[in-house]
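Everything below concerns the one structure shown next.
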Amino acid sequence: MTAVELLHWGALGVALVISWWMFRDLADISQWLVTVKREKVFSTFRKRHRLAAIWAAASLTALATLALASAGNAWVFGALSLVAFFGLFMGYINPPLMMRSQFRSARYYSIQEARTHLASDTSLIVMDANGCARGHPDKHILRPHVAGEEGGLCGTNVVMTYCGLTNLGIAYKPVIDGEAVELAPMTQLENNFVMWDRTTGEPIQQFWGRRIGDGPMGAAMEEWPSYRMPLWAFEKAFPEGKVFLNPLPTFSENPLAAIYDRIVQLMFLMGIKEQKEKRLPTFPTIPEFDERLDNKAKIYGIIIEDDVVAYTEHFIRAQGDRVNTVIGGSRVVVAYHSEFDSVGVYLNPHPQPVSSIAFDGDSDLGKLARVPKMRAGAYWVIWQHFYPETEVNRPPLERSETDPWLAVVEGGAS
């Protein structure tokens, strides 16, 4: 074999190795086939541009030696080049195409307009501020994964992030340690969405809200309260509220985008349907299951300080739609609002338990603020993997004649 032939086959081999490398670590469908450590995925993501440049140089070298020196075989080169391009496309090119962030470009429509696209009982992930409210249907935020408006939510700097596999929306203020963060989709790991910060290039796990490179003790984005409710209830609570819609492009607007986005939408919806209907998670990357709840039970996860508690709607309603308790040293009330078919969690700064509370936080003790870290409707199997220390359905505290809250969990309020 001549030196030119060695160069040809060596270059083609390099392109194939990098192709597999990028596919394995960055194309999330590969997680059906192989399990890759988190650290390796993040490492590959950080150097993806360099790897792509090496892939391009190797591919061009193989092509040049074939065309100019007749090294190799044209049919073999063509077949292997297609394989190499497929791996690069799936791991490097496709992710930002199929998950096009709408970080500051989301379009919100009136409820009347939304009703032409959505059924009345469509579940919305809602955030509100300064008298403005925005609802996000799962199906519409599924492709961009990140949605926010220029100028924020009526002046409040907040965006919605979404993971269809976890069935979870989390609203974040995109700032870490005083520095602005620009969020864009990256992939999924262990059935939860991973974003990245375009300003630093660092990945961010949705559940944690912090840059991976900052370590487990690094600062995180501040959460903004969010909750779920059906469209009919959203209209009742916020008649002037707006709904995020992400209509598919028409063939007259852009035929390629129309075809591509419909394929992506179908793939996403099939994955979400499987996640909803089957006991095991869609991606086999969760090794242990906590049997305290069914895998696909939808929970309301609350995090205050280092205290993590998950409630089911059934348990809350069985307590008379209201649970007064202490989480992370703070008194809270967990409430099911039947008139809006919605669960809310509120901070209670008073020494007495709450006897009645409305959807907007008005209670017999005064106006109460929502707990920021309340994640609504997440699948238990994903939640328990990321928060194995979770307590399930912490019972309400009891009243006594001598102490308004006689039973206080360790570390609770005084």
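Read the figures in this text as sums done on the coordinates, not as results from a lab. Everything numeric here is computed off the predicted structure, so don't read it as measured data. Don't worry about glycine lacking a Cβ; one is built from the backbone with ideal geometry, like all the others, and counts go over all protein chains shown.
Show the residues, 5+ positions off or on another chain, whose built amide H is closer than 5 Å to the amide H of Tyr227.
Counting only residues 5 or more places away or on other chains, the set is Val126.
Would you mind telling me the antiparallel percentage of the DSSP bridges in the stretch 108-244, rounded to 5?
Looking only at bridges with both residues in the stretch 108-244, the antiparallel portion is about 95 percent.
Which order do peptides 143-150, 235-242 fall in by mean Cβ count within 10 Å, highest first? Intermediate results must be reported in sequence, preceding the final value.
Numbers: 143-150: 22.0, 235-242: 16.5.
Ranked by mean Cβ neighbours within 10 Å, highest first: 143-150, 235-242.
Only Cα pairs within less than 10 Å get springs; with that Gaussian network setup on the chain, which residue of Gln31, Gln352, Gln102 has the largest fluctuation?
Answer for the Gaussian network model of the chain: Gln352.
How large is ³J(HN,Hα), in whole Hz, for each residue of the stretch 90-106 in order, when computed from phi with the Karplus curve 6.51 cos²θ - 1.76 cosθ + 1.60 and θ = phi - 60°, using x for Gly and Pro?
Running phi through 6.51 cos²θ - 1.76 cosθ + 1.60 with θ = phi - 60° gives 5, x, 10, 8, 5, x, x, 7, 7, 10, 8, 4, 10, 3, 10, 10, 5 Hz.
Using Cα-Cα distances under 8 Å and only pairs 6 or more residues apart, what relative contact order does the chain have, in percent?
Once normalised by length, the contact order is 14 percent.
Just to be sure I understand: with springs between alpha-carbon atoms less than 10 Å apart, which residue in Tyr109, Tyr336, Tyr311 has the highest mean-square fluctuation in the Gaussian network model of the chain?
Tyr109
May I ask you to evaluate 6.51 cos²θ - 1.76 cosθ + 1.60, the Karplus curve with θ = phi - 60°, for each residue of the stretch 206-223 and list the ³J(HN,Hα) values in order in whole Hz, giving x for glycine and proline?
4, 4, 9, x, 10, 6, 4, x, 7, x, x, 9, x, 5, 10, 5, 6, 7
Hey, what do the phi angles of the stretch 367-383 turn into as Karplus ³J(HN,Hα) couplings, whole Hz, using 6.51/-1.76/1.60 and θ = phi - 60°, x for Gly and Pro?
Result, rounded to whole Hz: 6, 10, 8, 6, 6, x, 8, 10, 9, 9, x, 5, 5, 4, 4, 7, 4.
Given H placed on each backbone N at 1.01 Å, which residues far from Leu168 in sequence or on other chains put an amide H within less than 5 Å of it?
Amide H to amide H, under 5 Å and 5 or more residues apart or across chains, Leu168 pairs with Cys163.
Return the calculated 222 nm mean residue ellipticity for the chain, to the nearest 500 deg cm²/dmol, obtained by summing -39500 (n - 2.57) across DSSP H runs with n ≥ 4 and dividing by the residue count.
On the way: 11 runs with 126 residues, N = 414.
Here the helix-only value at 222 nm equals -9500 deg cm²/dmol.
Where is the GNM fluctuation largest for the chain (alpha-carbon springs, 10 angstrom cutoff): Val343, Val243, Val392?
Result: Val392 has the largest fluctuation of those listed.
Between Glu305 and Ala79, what is the label-point separation in nm under the 7 Å Cα-to-beta-carbon projection?
Result: 6.5 nm between the two label points.
Report the relative contact order of the stretch 3-97, percent, no decimals, based on alpha-carbon pairs under 8 angstrom and at least 6 residues apart.
Computed value for the stretch 3-97: 52 percent relative contact order.
For the chain, return all DSSP H helices satisfying: extent of Cα atoms along own axis at least 15 Å; mean Kyte-Doolittle hydropathy at least 1.6.
TM-like helix candidates: 74-88.
Taking H placed 1.01 Å from N in the peptide plane, check which residues at least 5 places from Val308 or on another chain put their amide H under 5 Å from its amide H.
Residues meeting the amide H criterion: Glu391.
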